[in-house]
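Before any comments, here is the structure.
Values quoted throughout were computed directly from the atomic coordinates according to the rules given, and no laboratory measurement underlies them. Since the structure is predicted, the reported quantities are computational estimates derived from the model, not experimental observations. Here the Cβ positions follow ideal geometry from the backbone for every residue, glycine too, while neighbour counts run over all protein chains shown.
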Amino acid sequence: MRNNGFVLKDCGGIPDRLLYTLAVIAGVSVANLYYNQPLLEMLRADLHTSSLQANHIALFAQIGYALGLLFIIPLGDLFSRKRIILVNFSIITVSQLCIALASNIRIVQLFSFITGICAVIPHLFIPFAAQYSRPERKDRNVGIVLSGLLTGILGSRVVSGAVGDMLGWREMYFIAAGMMTVAILVVWCVVPNATPNFTGSYGQLMGSLVTFVRKYPMLRLHSVRAALAFGSFMCFWASLAFKMAQAPFYAGSDVVGFLGLCGIAGALTASVAGKYIRTVGVRRFNYFGTILQMLAWVSFFAGSGYYATIVLGIILIDIGMQSIQLSNQAPLFDISPSASSRINTIFMSIYFAGGALGTFLSGWAWTMWGWSGVSACGILLAFAAFMVTACCRE
């Protein structure tokens with residue numbers, strides 16, 4: 001396949017310059033899902049609503065993301081991936097403008113949901129990188145794209161927190177729309193078309209997802225385990241803005257955003273850990289990751305009034321989460337290389353359903369019991385992921 005100077009073959013390898021371009025675009029696009037997290041308290045105050053309603057902005061975005069993974073990402077095996085990317089990026093641009101102009105919380109929730117549906121495009125890049133990588137570089141290349149995605153998540157919190165504090169939350173969404181416009185131009189000029197891997201109908205394509213879930217126990221195990229861990233991770237971020245707005249911190253969106261930068265350790269973990277998955281073993285990676293998550297929640301709860309323990313917990317929970325995600329996701333591409341988009345769809349749909357569960361539990365627990373309730377939910381989800389590893393065969 002030749003396009004814009006790039007030549008891709010299933011066994012010939014993907015050029016590094018294209019790989020890093022995909023990583024950057026992945027980061028820019030997934031950031032749209034996370035801009036809201038440092039801004040939730042600001043949105044709550046400005047739109048005169050409750051903490052629970054503000055929490056639902058993040059919840060609806062997560063639900064939309066899970067649905068987009070389920071219904072849009074499989075199209076990567078059926079239609080031109082480049083066309084899917086351009087359409088979704090265009091919708092995100094309009095959606096971010098609508099949020100920026102929103103007059104009430106319902107509008108923000110609706111277009112956060114739409115943004116979530118369309119922000120799934122990085123998960124077309126991950127199987128793309130796996131499919132066109134040489135076998136010995138597959139885990140490494142998947143790790144690079146995943147690292148770009150994770151850096152976008154971290155950067156989104158820092159940028160939105162700073163912009164929200166200096167300019168306001170509406171301006172952040174105007175900036176996001178502008179960044180997506182640039183991303184559309186880059187995709188149009190640089191990203192090659194890839195040959196679809198499936199020749200049947202969309203109904204047959206979706207039916208094949210059920211077949212894969214039934215056929216491969218490994219897919220079920222890896223997906224559920226990672227979903228529980230991601231639920232624990234999102235439980236923290238969904239209520240952090242509310243926590244930091246209270247005594248003793250009285251911190252604004254800028255502080256919440258910069259706390260997100262502490263998670264850079266997780267992104268660095270993903271960039272180097274891929275090559276060690278096969279030698280260390282998936283099971284050990286998951287024990288390591290879930291134990292780090294539980295230690296993080298101990299730090300969040302026991303030292304809830306100190307920046308040092310919050311920062312330590314963020315570092316631990318991010319390294320743990322990325323160890324779990326990468327070690328569960330990367331080996332799945334070996335199940336059926338020609339159906340990589342569908343395999344990734346199943347994994348990530350379950351994964352973000354877990355994130356939505358964690359976000360919901362976080363908002364509910366914060367309303368009922370405050371930070372102690374959030375901490376209890378977070379550590380229980382991490383412990384559940386640990387027990388899945390302990391009780392199930394690989």
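For the chain, the longest principal axis of the alpha carbon atoms and the long axis of helix 282-302 meet at an angle near 10°.
In a fully extended conformation the segment linking Ala247 and Asp46 would gain 70.3 nm over its present Cα-Cα distance, using 0.36 nm per residue. The gain in end-to-end length when the Phe258 to Arg283 segment is fully stretched comes to 5.7 nm, 0.36 nm per residue minus the alpha carbon separation.
For the chain, modelled as a GNM whose springs connect Cα atoms under 10 angstrom apart, the maximal fluctuation among Tyr173, Tyr202, Tyr132 occurs at Tyr202.
The orientation-averaged shadow of the Cα convex hull for the chain, equal to a quarter of the hull surface, comes to 17.2 nm². Modelled spin labels at Ala376 and Val213, positioned 7 Å past Cα toward Cβ, are 3.1 nm from each other.
Taking a ≥ b ≥ c as the square roots of the eigenvalues of the Cα gyration tensor of the stretch 162-257, is the shape rounded (a/c under 1.5), prolate (a/b larger than b/c) or oblate? Show your work: numbers first, answer last.
Working: a/c = 4.04, a/b = 1.45, b/c = 2.78.
Oblate.
Think of it as helices only: each DSSP H run of n ≥ 4 in the chain is worth -39500 (n - 2.57), and spread over all residues that comes to -25000 deg cm²/dmol at 222 nm.
Fully extending the segment from Thr199 to Ala308 would add 33.8 nm, taking 0.36 nm per residue of separation and subtracting the current Cα-Cα distance. Packing order of peptides 213-221, 149-157, highest average first: 149-157, 213-221 (average count of other Cβ atoms within 10 Å over each peptide's residues).
Using only Cα atoms, tell me the angle between helix 340-369 and the longest principal axis of the chain; keep it within 0 to 90° and round to the nearest 10. Result, in degrees: 10. Name the most mobile residue of Val186, Val120, Val163, meaning the one with the largest mean-square fluctuation, in a Gaussian network model of the chain with Cα contacts below 10 Å. Ranking Val186, Val120, Val163 by mean-square fluctuation puts Val186 first. Using the Kirkwood radius built from alpha carbon pairs, what does the Stokes-Einstein equation give as D for the stretch 62-187 at 4 °C and 1.567 mPa s, in µm² per second? Taking Rh from Cα pairs, D becomes 83 µm²/s. Tilt of helix 307-329 relative to the longest C-alpha principal axis of the chain, in degrees (0 to 90, nearest 10)? Between the helix axis and the principal axis of the chain, the angle is about 20 degrees. Translational diffusion of the stretch 320-360 was estimated from the Stokes-Einstein equation, with Rh taken as the Kirkwood radius over Cα pairs; at 25 °C and 0.890 mPa s the coefficient is 224 µm²/s.
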